[in-house]
Structures are given as C-alpha cells and as structure tokens.
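Q: Here you go, one structure.
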Amino acid sequence: MKTYKPTTPSKRHQTTVTYRKVLTTSEPLKALTHGFKRSVGRNNQGRITTRHKGGGHKRLYREIDFMYNKHDIPAKIASIEYDPNRNAFIGIAVYADGEKRYVVIPKTVKVGDKFIVSEKAPLTVGNRLPLKLIPVGTFVYNVEIKPGNGGKLARGAGTFGQVVANDLGYTNVKMPSTEVRKVSENAWASIGEVSNSEFKLQNFGKAGRSRWKGIRPTVRGTAMNPVDHPHGGGEGRQGRGLRRAKTMWGKPSGKGQKTRTPKKYSNMWIVSRRKVGKSKKA
C-alpha cells in the first residue's frame, strides 16, 4: 500500500494500491473496448432502485472473457492493466492462434506467464479445469454455476473459493462469504485467487474520491425525521428506539439478522449458510 505525507487533511489517512509496481501499460486495447452508459442505480423508468449511486468519472468498458471457451489452446499474458469497472486487475491473454482476449488476472501471475483451459491442464495458478478434476482444498476463482455458462462466482479482488468435497455429481465449494454451496462437478473453475488483494485496505481520504467513483453520500436513519425512516425523530441525538435495526422500508437489516428470502430458488444448493459477524473470522 502507498501512504502519503499529511500535506492536507485528506492526505493524512489516504492509502492507495501501488499500481506502478503492478501495471505494465496505461492504455487499453482499443479493439476490446467500447463506450457504455452506467445505470447508476436507476431502472428503465429512471427511478432509483439502489440508493447512493450516481455521477462519477466517465468510463470505457473493457470486454472481459468469463466464458473461457477456447479449450486446449495455450495462452500467454501480454499485459496487466487497470479496469475502472472492477476492482481486480485485468490483462490481455494472447492465444496460440493469435486471438486476444481480456481476462481477470490471478494473484502471483506476471507478464509472460502462460495458462491453458483444458481437462488435462496441470494444477498451476491460472489454468482452468472442471471442478471434478480439482483436488479438495484447492483455491479456485471465476467459478461457473452451470457448465458452459461462464464464470460467476469469486471474481472480486482478492477473493477465492475452496473445493471442499466431491459427491454424487456435485462439488461443494466454500464461497468467499464462508457459505458452502453445491455446484455441478462439470462446471469449470480457474486455479488460484483473484489479484489486487490490497484493494479492501484502501482509504479514499476524502469524500471527493468517492464521488469520482460514482458513490453518493449515505445518510444515517437516526439523522432523519420519523416520516423518512423508522429510526428517525427525537429531540437531539437519540438511539433508534427499536430492538431490531430496520431499513427505510421497515425490513430487518444488519446486526446479524437474516435478510435472505426464506424460499429463495437457490436454497437447495446451499450446504451451510454463511457465517456473519465476529464468528466469520473463526
């Protein structure tokens, strides 16, 4: 991590990832980029469906390959780049047939390293295999939920899943959230963990950097009026006055309360629920 001398109040606590030591190029490959309009938390009617989003710097979208459908063709990492649309590092993979694709870079991989998507691939970082061929205890990322549907799980910076067991056509994978989930043993996954694990240690230092990233301010419920939030109201600073924390719409929130839909479609695939709070670290 990079720290700064306290020349201003915002610099005093600011920390950033040392990109200069990791990235190898500053300009993306034009053929794999295009412009796009961010939804900034609005639906197709323009109404806010997710609060605290909006504004931010204009971004160029990099087309990332999560399908990895070029089997048995070795590829070499030609660059490591920054992507404004995700927190992990990306890089250009140049396949032996000449095709170039952007991929999410795993930790410890450097320019010039090779990987292959194959059922016969060795168990080295970056290689991609079906889950049934990956030994128990191995760290994996970019895990498919359905075979051939592209990587969906463990794609964020510093995250990884862990193969826990293989049984009856399914593989039990421990998610970054500590949830253990059943996935088809024919689904593919990459060996290793996602790059940029220091991302979560950053301190933006000032509100303006959050605004550049498209993050708008969050107002506490206790600072609102009763008409705006269940925690609002009272003369001066008050506690919330409720045993359980609530959202703006009266639903349970935080503090270890279960917020998952009781009859969610994916319940049948969960072997053990995620741990919350202090016990998660154990």
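Q: If a residue must be aliphatic (A, V, I, L, M), exposed (fewer than 15 other Cβ atoms within 10 Å of the Cβ) and under 27 Å from the mean Cα position of the chain (by Cα), how many such residues does the stretch 215-229 contain?
A: Counting residues in the stretch 215-229 that are aliphatic (A, V, I, L, M), exposed (fewer than 15 other Cβ atoms within 10 Å of the Cβ) and under 27 Å from the mean Cα position of the chain (by Cα) gives 1.
Q: If you don't mind, there's one more thing I want to ask. Restricting to the stretch 116-149, and then to whatever is small (Gly, Ala, Ser) and within 19 Å of ASP72 (Cβ to Cβ), can you tell me which residue is surrounded by the fewest Cβ atoms within 10 Å (Cβ to Cβ)?
A: Checking each candidate, the answer is GLY148.
Q: Hey, another quick one. Confirm whether GLY254 is in a loop (DSSP other than H, G, I, E, B) and of a type in the set (Gly, Ala, Ser).
A: Details: in a loop (DSSP other than H, G, I, E, B): yes; of a type in the set (Gly, Ala, Ser): yes.
Yes: the conditions hold for GLY254.
Q: Could you grab me the full set of residues in the stretch 40-66 that are touching a residue at least 12 places away in the same chain (Cβ under 8 Å), in contact with a strand residue (DSSP E or B) (Cβ under 8 Å, 6 or more places away or on another chain) and not acidic (Asp, Glu)?
A: Result: VAL40, GLY41, HIS52, LYS53, GLY56, LEU60, TYR61, ARG62, ILE64, PHE66.
Q: Can you find a residue in the stretch 189-201 that is part of a loop (DSSP other than H, G, I, E, B), under 19 Å from the mean Cα position of the chain (by Cα) and hydrophobic (A, V, I, L, M, F, W, C)?
A: No, because not a single residue in the stretch 189-201 is part of a loop (DSSP other than H, G, I, E, B), under 19 Å from the mean Cα position of the chain (by Cα) and hydrophobic (A, V, I, L, M, F, W, C).
Residue-by-condition table, conditions (1) assigned to a strand (DSSP E or B); (2) buried (at least 18 other Cβ atoms within 10 Å of the Cβ); (3) assigned by TED's automatic domain parsing to the domain that holds PRO130:
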{"residue": "VAL163", "(1), (2), (3)": "yes, yes, yes"}
{"residue": "THR171", "(1), (2), (3)": "yes, yes, yes"}
{"residue": "THR178", "(1), (2), (3)": "no, no, yes"}
{"residue": "GLY208", "(1), (2), (3)": "no, no, no"}
{"residue": "HIS231", "(1), (2), (3)": "no, yes, no"}
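Q: Inside the stretch 25-57, can you point out the residues that are of a type in the set (A, V, I, L, M, F, W, C) and either over 30 Å from VAL103 (Cβ atoms) or loosely packed, with under 10 Cβ neighbours inside 10 Å (or both)?
A: ALA31, ILE48
Q: Can you find a residue that is assigned by TED's automatic domain parsing to the domain that holds MET67, of a type in the set (Lys, Arg), over 21 Å from the mean Cα position of the chain (by Cα) and not in a strand (DSSP E or B) anywhere in the stretch 118-125?
A: Yes; the residues of the stretch 118-125 include at least one that is assigned by TED's automatic domain parsing to the domain that holds MET67, of a type in the set (Lys, Arg), over 21 Å from the mean Cα position of the chain (by Cα) and not in a strand (DSSP E or B).
Q: Can you spot a residue in the stretch 99-115 that is in contact with a Gly (Cβ under 6 Å, 6 or more places away or on another chain), surrounded by fewer than 17 Cβ atoms within 10 Å (Cβ to Cβ) and either among the charged types (D, E, K, R) or at pLDDT 95 or above (or both)?
A: no
Q: Please tell me if ARG273 is modelled with pLDDT under 95, more than 21 Å from PRO176 (Cβ to Cβ) and surrounded by 10 or more Cβ atoms within 10 Å (Cβ to Cβ).
A: no
Q: Let me ask something else about it. Hey, VAL22 hits all of (1) modelled with pLDDT of 95 or more; (2) buried (at least 16 other Cβ atoms within 10 Å of the Cβ); (3) within 26 Å of LYS2 (Cα to Cα); (4) not small (Gly, Ala, Ser) but one; which does it fall short on?
A: (1)
Q: Assess whether LYS76 counts as being touching a residue at least 12 places away in the same chain (Cβ under 8 Å) and in contact with an Asp or Glu (Cβ under 8 Å, 6 or more places away or on another chain).
A: Yes: the conditions hold for LYS76.
Q: Given the conditions (1) over 24 Å from PHE199 (Cα atoms); (2) surrounded by 15 or more Cβ atoms within 10 Å (Cβ to Cβ); (3) of a type in the set (Asp, Glu), and given that GLU81 satisfies all but one, which numbered condition is not satisfied?
A: Evaluating GLU81 over (1) over 24 Å from PHE199 (Cα atoms); (2) surrounded by 15 or more Cβ atoms within 10 Å (Cβ to Cβ); (3) of a type in the set (Asp, Glu) leaves (1) as the failure.
Q: Only one residue in VAL111, VAL136 is in contact with a strand residue (DSSP E or B) (Cβ under 8 Å, 6 or more places away or on another chain) and under 30 Å from LYS2 (Cβ atoms), so which one is that?
A: Answer to the selection: VAL111.
Q: Scan the stretch 1-33 residue by residue and report those that are assigned to a helix (DSSP H, G or I) and under 18 Å from GLN202 (Cα atoms). Quick ask: steps written out before the conclusion?
A: In the first step, residues of the stretch 1-33 are kept if they are assigned to a helix (DSSP H, G or I); the result is 9-12, 19-21, 30-32.
Selection gives PRO9, SER10, LYS11, ARG12, TYR19, ARG20, LYS21.
The values are calculated or read from the model by the stated rules, or taken from the named source; none is laboratory data. Fair warning: this is a prediction, and the values are worked out from it, not measured in the lab. Counting neighbours? That spans all protein chains shown, and the Cβs are built from the backbone with ideal geometry, glycine included.
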